[in-house]
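Peer 1: This is the structure, below, for whatever I ask next.
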Amino acid sequence: MTLFEDPAEGGNAPEFTVSELSGAVKRTIEGEFGHVRVRGEIGRVSRPASGHLYFDLKDDRSVLAAISWKGQAARLSVRPEEGMEVIATGRLTTFPGQSKYQLIVEDITPAGQGALMLMLEKRRAALAAEGLFAAERKKPLPFLPEVIGVVTSPSGAVIRDILHRLRDRFPRRVLIWPVAVQGEKCAPEVAAAIRGFNALSEGGPIPRPDLLIVARGGGSLEDLWGFNEEIVVRAAAESRIPLISAVGHETDTTLIDHAADRRAPTPTAAAEMAVPVRMDLLAWTGEQGARLSRAMSQRAETRRQRLTDLSRALGRPEALLDPARQRFDLWSDRLGPALSAATTRKRAGFNTVAGRMQPGLLSGFITREQRNLHNWADRLAPAIARLTRDAARDNARRRADLSALGDRLAKAGRGRLDTLAQSLASLDRTRQTLGYRETLKRGYAVVRAEGAVVTTKGAAENSTALEIEFADGRLPVTPGAAPRPRKPKDGGPDQGSLF
């Protein structure tokens, strides 16, 4: 007789314990439904701290309890969310403690590409409405970053392609933050990596990157789903470091592509966007140097030619001096004979006059001239004395006038200086009354960052060091570190931080 056969007529009915009956039901259900695929809508998702995943599968008439253990939940390609229509693969079992049956889920796939794309479009529209994809939020990429942070799997071909391309184009320092790029851990680890790089302080033991690259190879929509999660999109939009998204191939599009500052079709293309080609820069520098040398030479040659052209319009020094030199030679040749002839004429005239002069006549002429000279000398001394007295009197009068003018000038200067000093003192009192230091004494303060006055909350949050000025002095303030990444709702493991 089996467990469920009716007892023989007239015999006693068999007795079972509750555990025996529950075990028989459990074996029967697991034997009949050891591997099933169930299609339904997800409802009431619960992620306790244990890491297990509890949710319901329902349709318009029934509800089936489902559970995915911690290890199975980490391997799910799609994170269950309420309202999703999925196909769950697993086995049916019972839970004797509550007299219920449930589905142990091993894998979840969306019930068709259209449903998954519909959910993706709905999420994209919601995030775009918040302005996370706005063009004005995009930051320009640095021309030549010193340090590049890469968020990717350390064991894949992606990081090797990026490092190889950077080494070929322009070697730079690279910091790798290893993350899972697929599965349940992908989204929280990628978000934590982006926020961790932004939390690094400049000048610290670990250099802060100038550029971030989030990279992953190609895959299906389910494989890339971690980069469509809201936590990753918000971390990318909040990043103060310029970020390049290189997720998937050129035809793959994820939500992080919209939030990033630049999207690269492949990880290799992201490395090409990050740095220029060193040889091209050297060639360009050499070309610019050659162009500069040619321009300088051409400029000098143009100036020299212009100077030559202008010099042709000027007369030659020889042409200007030749006529004068010729005239000089002509007059110098005529000068000697002319001097000789003049000397001869003067000597002849002197001899003629000397012959006519008598000794007494010359003595009388000299005596008259001496007498006239004495007369003029006698008249000159009183005249000089009179002129001296007049000059002394004029000098005394001018000296007195000059002294009076000096006194008036000194008095006027002192009066002007007193007036200007009073005006300056009045203006200084007005300046002190209207200055900001008087405002500080009334309880206000001035906030500065790097010498500039900070007037908004956003500017203060983006500053690494602040200085607050009070009425009695200044106080340096260091803003707090960036908040730690939020722990995932499902309680999954968190990668942590480099700190």
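Peer 1: Can you list the strands (runs of 3 or more DSSP E) found entirely within the range 81-173 that contain at least 3 residues being within 28 Å of residue 203 (Cα to Cα)? Walk me through how you get there before you give the answer.
Peer 2: On the way: elements: 85-95, 100-110, 147-152.
Because the criterion is at least 3 residues that are within 28 Å of residue 203 (Cα to Cα), the strands (runs of 3 or more DSSP E) in the range 81-173 that meet it are 147-152.
Peer 1: Further, regarding this structure: Does at least one position in the range 59-78 carry a residue that is buried (at least 17 other Cβ atoms within 10 Å of the Cβ), touching a residue at least 60 places away in the same chain (Cβ under 8 Å) and over 51 Å from the mean Cα position of the chain (by Cα)?
Peer 2: no
Peer 1: Filter the range 93-118 for residues that are among the hydrophobic types (A, V, I, L, M, F, W, C) and surrounded by fewer than 18 Cβ atoms within 10 Å (Cβ to Cβ); which is farthest from the chain's Cα centre (by Cα)? Give the steps one after another, and end with the answer.
Peer 2: Of all residues in the range 93-118, those among the hydrophobic types (A, V, I, L, M, F, W, C) come to 95, 103-105, 108, 111, 115-118.
Imposing the further condition that a residue be surrounded by fewer than 18 Cβ atoms within 10 Å (Cβ to Cβ) reduces the set to 95, 104, 111, 115, 117-118.
Numbers: 95: 60, 104: 53, 111: 47, 115: 42, 117: 38, 118: 39 Å.
Among residues in the range 93-118 that are among the hydrophobic types (A, V, I, L, M, F, W, C) and surrounded by fewer than 18 Cβ atoms within 10 Å (Cβ to Cβ), the one farthest from the chain's Cα centre (by Cα) is 95.
Peer 1: List the residue pairs whose Cβ atoms are under 9 Å apart, where the first residue sits in the range 439-467 and is touching a residue at least 60 places away in the same chain (Cβ under 8 Å), the second is hydroxyl-bearing (Ser, Thr, Tyr) and surrounded by 10 or more Cβ atoms within 10 Å (Cβ to Cβ), and the two are 6 or more positions apart or on different chains.
Peer 2: Pairs found: 464/201; 464/478.
Peer 1: Can you list residue pairs whose Cβ atoms sit under 7 Å apart, with the first residue in the range 16-31 being in the same structural domain as residue 95 (by TED's automatic domain parsing) and at negative phi and the second being of a type in the set (D, E, K, R) and outside any helix (DSSP H, G or I)? Count only pairs 6 or more apart in sequence or on different chains.
Peer 2: 30/91
Peer 1: On to the next question. Give 414, 448, 431 a once-over and let me know the one that is outside any helix (DSSP H, G or I) and surrounded by 10 or more Cβ atoms within 10 Å (Cβ to Cβ). Spell out how you get there, then give the answer.
Peer 2: Working: 414 fails: outside any helix (DSSP H, G or I); 431 fails: outside any helix (DSSP H, G or I).
Just one listed residue meets the conditions, 448.
Peer 1: Here is a follow-up. So, in the range 119-150, how many residues would count as being within 29 Å of residue 274 (Cα to Cα), small (Gly, Ala, Ser) and surrounded by fewer than 13 Cβ atoms within 10 Å (Cβ to Cβ)?
Peer 2: Number satisfying all stated conditions: 3.
Peer 1: So, one more: Considering every residue within the range 219-230, establish whether at least one is free of Cβ contacts under 8 Å to residues at least 60 places away in the same chain, crowded, with 21+ Cβ neighbours inside 10 Å, out of contact with any Phe, Trp or Tyr (no Cβ under 7 Å at 6 or more places or on another chain) and among the aromatic types (Phe, Trp, Tyr).
Peer 2: The answer is yes, given that some residue of the range 219-230 is free of Cβ contacts under 8 Å to residues at least 60 places away in the same chain, crowded, with 21+ Cβ neighbours inside 10 Å, out of contact with any Phe, Trp or Tyr (no Cβ under 7 Å at 6 or more places or on another chain) and among the aromatic types (Phe, Trp, Tyr).
Peer 1: Here is a check on your reading of the model: is residue 213 of a type in the set (A, V, I, L, M), touching a strand residue (DSSP E or B) at 6+ places or on another chain (Cβ under 9 Å) and under 28 Å from residue 478 (Cα atoms)?
Peer 2: Answer is no for this residue.
Peer 1: Looking at the structure I just gave you, is residue 481 out of contact with any Asp or Glu (no Cβ under 8 Å at 6 or more places or on another chain), of a type outside the set (D, E, K, R) and modelled with pLDDT under 70? Talk me through it step by step, then tell me what you get.
Peer 2: Values: out of contact with any Asp or Glu (no Cβ under 8 Å at 6 or more places or on another chain): yes; of a type outside the set (D, E, K, R): yes; modelled with pLDDT under 70: yes.
Considered against the rule, which asks whether it is out of contact with any Asp or Glu (no Cβ under 8 Å at 6 or more places or on another chain), of a type outside the set (D, E, K, R) and modelled with pLDDT under 70, residue 481 comes out as yes.
The values are calculated or read from the model by the stated rules, or taken from the named source; none is laboratory data. Computed from a prediction, not measured in an experiment: that's the story for all the values here. Don't worry about glycine lacking a Cβ; one is built from the backbone with ideal geometry, like all the others, and counts go over all protein chains shown.
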